[in-house]
1. At a probe size of 1.4 Å, how large is the accessible area of Lys164, to the nearest 10 Å²?
2. Pulled fully out, how much extra length does the chain show between Glu178 and Glu28, if you take 0.36 nm times their separation in residues and subtract their Cα-Cα distance?
3. Would you give the gap between the C-alpha center of the range 109-136 and the C-alpha center of the range 149-196, rounded to a whole Å?
4. Go through Lys21/Lys99; Lys68/Lys91; Lys166/Lys194 and tell me which ones have a Cα-Cα distance over 19 Å in this structure.
5. How much accessible area does Glu12 have with a 1.4 Å probe, in Å² rounded to the nearest 10?
6. Mean separation of Cα pairs under 8 Å and 6+ residues apart, divided by the residue count of the range 112-199: what relative contact order is that in percent?
7. As a check on your grasp of the helix formula, calculate [θ] at 222 nm for the chain: sum -39500 (n - 2.57) over DSSP H runs of n ≥ 4, divide by the residue count, round to the nearest 500.
8. Rolling a 1.4 angstrom probe over the protein heavy atoms, how many square angstrom per residue are accessible across the range 1-108?
Amino acid sequence: MTNIDPSSKVLEQLENAEALKMAGQHKEALEILETLLTEEPENVSALEEIADNELALEHTSRAHKAAKQAIDLDNDSYTGHYILGFLNSQKEKWTESLKHLQRANNLKPNNPEILRCLGWALFNSGQRTQGIVTLERALNLDSENPLTLCDLGVTHLQVRNFGKAKALFTRALDLDPENARARECREAVDRLEKVASNK
């Protein structure tokens, strides 16, 4: 079956859903996308958007199902691979996570969010240096991202590079003073530094 150019109506629906998603109105976006999918069950863009919105709502099994459907229809769906990689990473299934995130990164290079997740998965699968380098790349592309700052900080904390970890958590708190993860991690660095200095 050949893919026909989506009609202007379909594009308009996808744009409306995207605008709602960006405004945080995920349920409203999903209503549009699910209607679109009943008309065009093989619309990969709609499936990718459904997966993205379900992920934002923390409906992980529904996000997984939509992302898998997108990949089954189009193995070049970087969004589908990214979401499956992210979900496997949350379950600490590092091998499966890496498979999808490396594919997503090949399809969409220099995407800071894909690189952030890929770096985290690499680090946690034992490829520590490669993981840190990949997280540094993500941070170079998006230097204001508290998630990347925290992930990179945690990796430096685990390799006992306390000064670098503390600087990253402090930067994350400068950008997002309410960030509980950054605050907890910076406090952990302070405690570990005290223990290290008392030895």
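The values are calculated or read from the model by the stated rules, or taken from the named source; none is laboratory data. From a predicted model like this one, the values you see are computed outputs, not experimental measurements. Positions of Cβ are backbone-derived with ideal geometry, glycine not excepted, and every protein chain shown enters the neighbour counts. Side chains are part of the model used for accessible areas, which takes the heavy atoms of the whole protein and leaves out ligands, DNA and RNA. Shrake-Rupley method; radii C 1.70, N 1.55, O 1.52, S 1.80 Å.
1. Accessible surface of Lys164 is approximately 80 Å².
2. Difference between extended and current length: 51.2 nm.
3. 18 Å
4. Lys21/Lys99
5. Looks like 110 Å² after rounding.
6. 21 percent
7. Details: 11 runs with 156 residues, N = 199.
Computed ellipticity for the chain at 222 nm equals -25500 deg cm²/dmol.
8. For the range 1-108, the per-residue accessible area is 59 Å².
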